[in-house]
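Novice: To start, I am sharing the structure in question, which I have written as structure tokens.
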Amino acid sequence: MKKSALVSLLASLALAAALIGCATHTALPEISSAPISGPLAPLPERVTSFGAVTSDGWLYAFGGHKGERHEYSVEMVSGSFQRLKLSEGRAWESLPAAAPGQGQPLVAHGGYIYRVGGMAARNHADAKQDLYSMTVAQRFDPKNHRWENIAPLAAPRSSHDAVIMGDKLYIAGGWQLAGGTNKPAWPANALVLDLNDSRAAWKEFPQPFQRRALALAALGSRIYCIGGMDSDNKPTLAVEIYDTVSGHWTKGPELPPGKQKGFSCSAITQGGRIYVNAFQGDLLRLSFDARSWEVVGRLEHPRMAHRLVTAGATQLIALGGEDGEAKRPDLELLTPAATPQVAKQAAAKQ
């Protein structure tokens, strides 16, 4: 091969790597590589706004809301914790419960499962709602089946999302509920915690939006903040991107239009690609040039306030949430299509 042709080839490969992200920069959950062929056992609890993540071949699920929509009480916010072995998929194993919470994510790193923030009710079912966001931050050690406290949040937060990049845990979005009829406070900053430093505290950096019930996903050095509901209680299709190297925010491609827009959507990174699912039902994937979304599948039962997680190298799972009428306990196994369809939206400039 001529030197000029070799240089051109190497440049093309470098560009492709930049577009899809580098695995050494984005820490993905440890997952089983064996394809799943059989049905998966339903969730032990019918919940929305819960946390879920896959790690080392297990699917973990924590907390969530068990009651009717907008009806919150001590009895209806769960603290249950369980896991499912994906290679078998037949039965969930009960794990030690923790302080009840909903509107908090789960992430996996270094063999631990992390939960951060969330909301809990202090009222019982027959009393006026008294809801509080929390500062709690914990990790679960699957080896000794124990929860351990880590650095708490400086201020309570719930209805946010979280993502791991390298050895750092990022959270963005959400709001702060302070009980009774108090109006929610909207944080002006996102947060990051160095998980390699046991003495580290959360650090703030500016967040140019106010949204809750959004989804986060990491790709290369960038964190995508996707959808949600804004401080005017309006669902949005917006996508903001934070570059952890430059510290700059840019606009990303909006989600395709659909029912409830991007409210209570879920997102995950798998194989250097970002996948998103919202209530409109399509499984979306960020295009190679990161300027638009493509349709690579569809849920049999569209849902919101659910979770999208990885399942091996080529499959995804949508679990929990509600379909607009009732909470769904089922797990839907998804295999992205080899030939995507173009989503009905205009490409966004970046």
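The values are calculated or read from the model by the stated rules, or taken from the named source; none is laboratory data. In this text the structure is predicted, and so the values were computed from the model without any measurement. Backbone-built Cβ (ideal geometry, glycine too); neighbour counts: all protein chains shown.
Okay, residues lined up against (1) farther than 20 Å from Thr48 by Cα; (2) touching an Asp or Glu at 6+ places or on another chain (Cβ under 8 Å):
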site: Ser94; (1), (2): no, no
site: Leu106; (1), (2): no, no
site: Arg122; (1), (2): no, yes
site: His145; (1), (2): yes, no
site: Pro152; (1), (2): yes, no
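Novice: While we're looking at this one, here's another question. Within region 324-348, which residues are assigned to a strand (DSSP E or B) and either without any contact (Cβ under 8 Å) to a residue 40 or more places away in the chain or within 19 Å of Ser87 (Cα to Cα) (or both)?
Specialist: Leu331, Glu332, Leu333, Leu334
Novice: Being touching a Leu at 6+ places or on another chain (Cβ under 8 Å) and modelled with pLDDT of 95 or more narrows it down to one residue among Arg291, Arg273, Arg211, Arg222; which is it?
Specialist: So the residue among Arg291, Arg273, Arg211, Arg222 that is touching a Leu at 6+ places or on another chain (Cβ under 8 Å) and modelled with pLDDT of 95 or more is Arg273.
Novice: Please enumerate the residues belonging to region 131-169 that are polar (S, T, N, Q) and farther than 25 Å from Tyr224 by Cα.
Specialist: Asn144, Asn149, listed by residue number.
Novice: Looking at region 305-323, is at least one residue without any contact (Cβ under 8 Å) to a residue 40 or more places away in the chain, in a loop (DSSP other than H, G, I, E, B) and out of contact with any helix residue (DSSP H, G or I) (no Cβ under 6 Å at 6 or more places or on another chain)? It would help to see each step written out before you state the result.
Specialist: Step one: of region 305-323, the residues without any contact (Cβ under 8 Å) to a residue 40 or more places away in the chain are 323.
Narrowing further to those that are in a loop (DSSP other than H, G, I, E, B): 323.
If we keep only those that are out of contact with any helix residue (DSSP H, G or I) (no Cβ under 6 Å at 6 or more places or on another chain) too, we end up with 323.
Yes: one or more hits.
Novice: Sticking with this structure for a sec: Of the conditions (1) in a loop (DSSP other than H, G, I, E, B); (2) touching a strand residue (DSSP E or B) at 6+ places or on another chain (Cβ under 7 Å); (3) under 30 Å from Ser292 (Cβ atoms), Asn233 satisfies every one except a single condition; which number is it?
Specialist: The number of the failed condition is (2).
Novice: Moving to a separate point now. For Lys66, are the conditions met, namely being crowded, with 18+ Cβ neighbours inside 10 Å, out of contact with any Gly (no Cβ under 8 Å at 6 or more places or on another chain) and either of a type in the set (D, E, K, R) or modelled with pLDDT under 95 (or both)? Before the answer, list the steps.
Specialist: Details: crowded, with 18+ Cβ neighbours inside 10 Å: yes; out of contact with any Gly (no Cβ under 8 Å at 6 or more places or on another chain): yes; either of a type in the set (D, E, K, R) or modelled with pLDDT under 95 (or both): yes.
It is true that Lys66 is crowded, with 18+ Cβ neighbours inside 10 Å, out of contact with any Gly (no Cβ under 8 Å at 6 or more places or on another chain) and either of a type in the set (D, E, K, R) or modelled with pLDDT under 95 (or both).
Novice: Before we move on, is Pro35 over 12 Å from Met119 (Cβ atoms), in contact with a Leu (Cβ under 7 Å, 6 or more places away or on another chain) and part of a loop (DSSP other than H, G, I, E, B)?
Specialist: Answer is no for this residue.
Novice: Another question, if that's okay. Could you please find all residues in region 109-128 being over 22 Å from Ala215 (Cα atoms) and crowded, with 16+ Cβ neighbours inside 10 Å?
Specialist: Selection gives Ala121, Asn123.
Novice: Ok, one more. So, Thr314, is that one β-branched (Val, Ile, Thr) and at pLDDT below 95 or not?
Specialist: So Thr314 passes the test.
Novice: Filter the strands (runs of 3 or more DSSP E) completely within region 63-175 down to those with at least 1 residues that are more than 25 Å from Ala267 (Cα to Cα).
Specialist: Numbers: elements: 77-85, 92-95, 106-109, 112-116, 119-121, 131-133, 137-141, 146-149, 158-165, 168-175.
In region 63-175, the matching strands (runs of 3 or more DSSP E) lie at 92-95, 119-121, 131-133, 146-149.
Novice: I'm told Phe50 meets every condition in (1) surrounded by 20 or more Cβ atoms within 10 Å (Cβ to Cβ); (2) within 18 Å of His145 (Cβ to Cβ) except one. Can you identify the failing condition by its number?
Specialist: Condition (2) is where Phe50 drops out.
Novice: In region 246-292, which residues are within 13 Å of Ile226 (Cβ to Cβ), of a type in the set (Phe, Trp, Tyr) and in a loop (DSSP other than H, G, I, E, B)?
Specialist: The answer is Phe263, and nothing else.
Novice: Please go through region 83-97 and give me each residue that is surrounded by fewer than 18 Cβ atoms within 10 Å (Cβ to Cβ) and either modelled with pLDDT of 95 or more or within 19 Å of Ser159 (Cα to Cα) (or both), ordered by number. Don't jump to the end; show me each part of the working.
Specialist: Step one: list which residues in region 83-97 are surrounded by fewer than 18 Cβ atoms within 10 Å (Cβ to Cβ), which gives 85, 87-88, 90-91, 93-94, 96-97.
Result: Lys85, Ala91, Glu93, Ser94, Pro96, Ala97.
Novice: So, in region 317-350, how many residues would count as being at pLDDT below 95 and within 19 Å of Pro253 (Cβ to Cβ)?
Specialist: Here the count works out to 11.
Novice: Given Lys234, Lys203, Lys261, which one is surrounded by 17 or more Cβ atoms within 10 Å (Cβ to Cβ) and without any contact (Cβ under 8 Å) to a residue 60 or more places away in the chain?
Specialist: Lys261
Novice: So which of Gly272, Gly262, Gly281, Gly247 ends up being in contact with a helix residue (DSSP H, G or I) (Cβ under 7 Å, 6 or more places away or on another chain) and among the small types (Gly, Ala, Ser)?
Specialist: The match here is Gly272.
Novice: I want to confirm something. Restricting to region 238-255 and keeping residues that are touching a residue at least 60 places away in the same chain (Cβ under 8 Å) and over 11 Å from Ser221 (Cβ atoms), which single residue is nearest to the chain's Cα centre (by Cα)?
Specialist: Of everything passing the filter in region 238-255, Val239 is nearest to the chain's Cα centre (by Cα).
Novice: What's the number of the condition Pro184 fails, among (1) in contact with a Leu (Cβ under 6 Å, 6 or more places away or on another chain); (2) closer than 18 Å to Pro105 by Cβ?
Specialist: With respect to (1) in contact with a Leu (Cβ under 6 Å, 6 or more places away or on another chain); (2) closer than 18 Å to Pro105 by Cβ, Pro184 is out only on (2).
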